[in-house]
Structure formats: C-alpha cells, structure tokens
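The values are calculated or read from the model by the stated rules, or taken from the named source; none is laboratory data. Since the structure is predicted, the reported quantities are computational estimates derived from the model, not experimental observations. All Cβ positions, even for glycine, are placed from backbone atoms using ideal geometry, and neighbour counts span all protein chains on display. Accessible surface is based on the protein model in full, side chains and every heavy atom, while ligands, DNA and RNA are left aside. Shrake-Rupley method; radii C 1.70, N 1.55, O 1.52, S 1.80 Å.
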Amino acid sequence: MTTYKLLLLPGDGIGTEIMAEVKTVIDWFGKRGVASFEYEQDLAGGAAYDAHGKAISEATMKLAQESDAVIFGAVGGPKWDSVPYDVRPEAALLRLRKDLELFANLRPAICYPALADASSLKRELVEGLDILIVRELTGGVYFGSPKEIVTLENGEKRAVDTQLYTTSEIERIARVAFDLAKTRSSRVASAEKRNVMKSGVLWNQVVTKVGKEEYADVALEHVLADNCAMQLVRRPKQYDVIVCDNLFGDILSDVAAMLTGSLGMLPSAALGAPDATTGRRKSMYEPVHGSAPDIAGQGISNPIAMIASFAMALRYSFGLVEEADLLDRAISSVLSKGLRTGDIYTEGTTKVGTKEMGAAILAELDTLSA
Ligand code: IPM
Ligand code: MG
C-alpha cells in the first residue's frame with residue numbers, strides 16, 4: 001500500500017477549525033485501506049509571523065518540498081494588516097506556489113443542485129453549472145520583476161509591477177487546460193487582453209498553436225478577459241474550461257465561485273509538473289475562500305471547500321478517483337439532506353456548525369461505502 005506524506009498548514013482565522021474537520025476525513029480514508037496517509041502540521045501566514053517573524057519558515061518550506069501534497073487552510077487577518085509587505089501572511093502562499101513550482105491552478109466552480117437558490121443569479125442560469133478555471137499560478141504580474149515603488153527625482157513616487165510571460169510558461173498551462181478539457185466536454189475558452197497587452201498577444205498565439213498542433217479534437221475559443229467576466233454573470237453555462245493568466249484567473253475565479261452560491265463551497269488544486277522519473281507531482285490544495293477572521297473561533301464556518309480540496313488531492317495527487325468521487329458524493333448528499341452552515345443557510349434548511357457538518361460528511365461516507 002502506498003504511503004502519502006501530507007503537510008497540513010491550517011494558517012489563520014477559520015483555517016484551524018476547517019483543518020480539524022478535514023483531518024477526520026483523511027483518517028477515514030486512511031482506515032479504508034486504499035492508501036495510508038501520514039501528516040504533519042505546521043504554521044503558515046500570520047501564525048508563522050507571530051512565531052518566527054516570517055510568513056513561512058525555512059523548516060516548513062522543507063517539509064512542504066518533501067511532502068506529496070500540502071493541504072492549506074487560509075491566511076491573513078486584520079491583526080497583520082500593518083506587518084511589512086515581505087512578511088505579510090499572503091507571502092506564505094506565494095512562496096509555496098513559486099518554490100514548489102505549482103504553475104497550474106485548478107479552480108472548479110460547481111453549482112450543487114441543492115444550492116442553486118443561494119446563487120445571486122437565477123436558478124436556471126446556474127443549475128448544473130460546472131466550470132473549471134485553469135489559472136497560471138507562478139508567472140505574470142504576481143512575480144514579474146521589477147516589482148517596486150521608487151521615488152523619482154521630483155519627489156514623486158512611481159510603482160511598477162511587471163506582467164511577463166514566456167512561450168514555455170504559456171504552453172505548459174495551455175496543455176493542462178486542453179488535457180483536462182478532453183476528460184470533460186472538449187471545449188476550452190482562453191481569456192486574455194490581446195487588445196491592450198503584449199502578453200495577451202503572445203498568450204493568444206501560443207494557445208492557438210498548442211491547440212492546433214496538439215489538440216485538434218478540442219474546440220478552442222478566445223475571449224477578452226473583461227468580456228469573459230461579463231459572460232460569466234450573463235450566461236455562465238456557455239463555458240466549460242477557461243484558461244487564463246495569474247491575475248485574470250484570480251479575478252475570474254472569484255466571479256465563477258460566487259455564481260455557485262457561496263465561496264465556502266469551492267476547492268482548488270495547485271499542481272506542478274509530473275516528475276520525469278516518478279511521475280509524481282508537487283501539489284497544494286486549498287479552499288478558494290479566505291481566513292474569514294470575522295467568524296473565526298465561533299465554530300460556524302463551512303468546512304466543505306476544505307474537505308472538497310482533499311477530494312481534489314485524492315483525484316489529482318493520489319490517483320484515487322473512486323475515493324474522490326465518493327467524497328464528492330458524500331458532500332452533495334449531505335447538502336441534499338438540507339444541512340447548511342450559516343453561509344449557505346436558507347429558510348427551511350437545517351443550520352449546523354463546522355463540527356456537525358464534518359461529522360455529517362463522515363456519516364455519509366460510512367453510509368455510501370457500506
Ligand atoms: C487567491 C488569493 C490570493 C491570490 C491572495 C491571498 C494572495 O486571492 O488564491 O485567489 O491573489 O492569488
Ligand atoms: Mg483570489
């Protein structure tokens with residue numbers, strides 16, 4: 001039986017309480033006997049800053065490098081609003097992405113039937129929605145250099161961020177999108193701003209070339225990123241896989257996420273390239289939502305995005321597709337039974353806390369696998 005090493009980084013705010021729930025789910029799958037999971041837990045974000053004066057320590061980075069998957073909660077909060085930029089909680093996330101070379105960010109936006117009425121759009125527009133945003137995660141304006149604020153001779157300041165992409169960076173993310181599209185409905189929409197940005201022109205050319213030469217069987221459409229944002233709130237079901245750069249992916253994935261009713265529902269995966277000899281890839285799984293400091297510690301946060309992130313780990317890091325499907329079904333079924341945390345609560349449903357939601361998912365796993 002294969003043993004997988006996980007590094008759990010709960011982070012800040014509700015991170016700790018949702019991580020406690022995902023641990024019970026990991027243990028459940030460990031006991032099932034399909035694989036064994038060993039995990040260590042460590043600090044990241046504000047918690048690490050309080051302990052070490054850094055958003056993530058070198059020792060933690062080493063554990064991350066040695067793990068098969070990092071399971072990440074969320075970082076940040078008002079407590080750290082004024083810490084120096086380089087050590088702000090978010091720096092932990094960016095360093096993990098960059099140092100582990102997790103260039104492919106998969107952000108599915110699925111509208112669970114039970115939640116269609118929680119969306120800000122009409123039920124018919126979102127019912128059955130199943131979009132996958134493939135966001136480039138280690139390049140673009142997030143990491144391009146120079147990235148600085150300089151003081152000019154006249155005393156004025158000038159801030160610069162650099163949007164930068166090379167052919168190979170675009171090719172590899174395009175391939176991830178096309179490969180995933182082949183397992184779905186074989187359609188990719190590539191979003192950029194070729195009408196104003198040189199990086200958009202290159203993005204468009206490279207994605208077109210990869211599509212034509214390697215994926216003739218996948219339908220490729222190009223859309224300007226602003227139009228894509230508009231189409232997502234107008235008629236979201238026209239999309240299947242959307243591929244885009246780091247910044248557009250950040251924005252479009254928040255839009256897509258909210259279509260589903262709650263940010264508290266959405267998982268994500270960040271993947272590196274498969275190792276040439278072992279085939280294993282570095283990876284990190286995290287909910288799309290943040291640390292929600294306003295509700296932290298009250299036991300009312302929604303653990304579903306965190307648990308669904310582990311389902312993505314089962315699917316993409318460990319190849320345990322049946323187990324991943326089982327966990328997704330358990331989540332869906334708990335929702336169909338009317339259980340809701342506060343963020344997705346509507347009249348007539350049963351409001352539960354973080355622990356009760358976690359326990360209900362475990363009970364459902366028992367039932368479904370009996
Ligand atoms: C995300 C977040 C991060 C990002 C922040 C926390 C740095 O918004 O993962 O979408 O901008 O990538
Ligand atoms: Mg974001």
Practice problem: Output the qualifying pairs, or none if there are none: Cβ atoms under 8 angstrom, residues six or more apart or on different chains, first residue in region 188-204 and open to solvent by 10 Å² or more (accessible area, probe 1.4 Å), second residue of a type in the set (A, V, I, L, M, F, W, C) and part of a helix (DSSP H, G or I). | Solution: Lys193/Ala225; Lys193/Phe248; Arg194/Val201; Arg194/Trp203; Leu202/Ile170
Quiz item: Looking at (1) at pLDDT 95 or above; (2) in a loop (DSSP other than H, G, I, E, B), which is the only condition Leu247 fails?
Solution: (2)
Quiz item: Do the conditions hold for Arg97, that is, is it part of a helix (DSSP H, G or I) and within 16 Å of ligand 2 (Cβ to nearest atom)?
Solution: yes
Quiz item: Does Leu220 qualify as being within 16 Å of ligand 2 (Cβ to nearest atom), of a type outside the set (Phe, Trp, Tyr), touching a Gly at 6+ places or on another chain (Cβ under 8 Å) and open to solvent by 40 Å² or more (accessible area, probe 1.4 Å)?
Solution: no
Quiz item: Where residues in region 346-360 are in contact with a Leu (Cβ under 8 Å, 6 or more places away or on another chain) and either modelled with pLDDT under 95 or surrounded by 13 or more Cβ atoms within 10 Å (Cβ to Cβ) (or both), which of them is farthest from Ala296 (Cα to Cα)?
Solution: Thr349
Quiz item: Within region 17-32, which residues are in contact (Cβ under 8 Å) with a residue 60 or more places away in the chain and of a type outside the set (Asp, Glu)?
Solution: Ile18, Met19, Ala20, Val22, Thr24, Val25, Ile26, Trp28, Phe29, Arg32
Exercise. Would you point out which residue out of Ile131, Ile110 is crowded, with 17+ Cβ neighbours inside 10 Å, touching a strand residue (DSSP E or B) at 6+ places or on another chain (Cβ under 7 Å), in contact (Cβ under 8 Å) with a residue 40 or more places away in the chain and closer than 29 Å to Met197 by Cα?
Key: Ile131
Exercise. Could you tell me whether region 240-252 includes any residue that is within 16 Å of ligand 2 (Cβ to nearest atom) and aromatic (Phe, Trp, Tyr)?
Key: yes
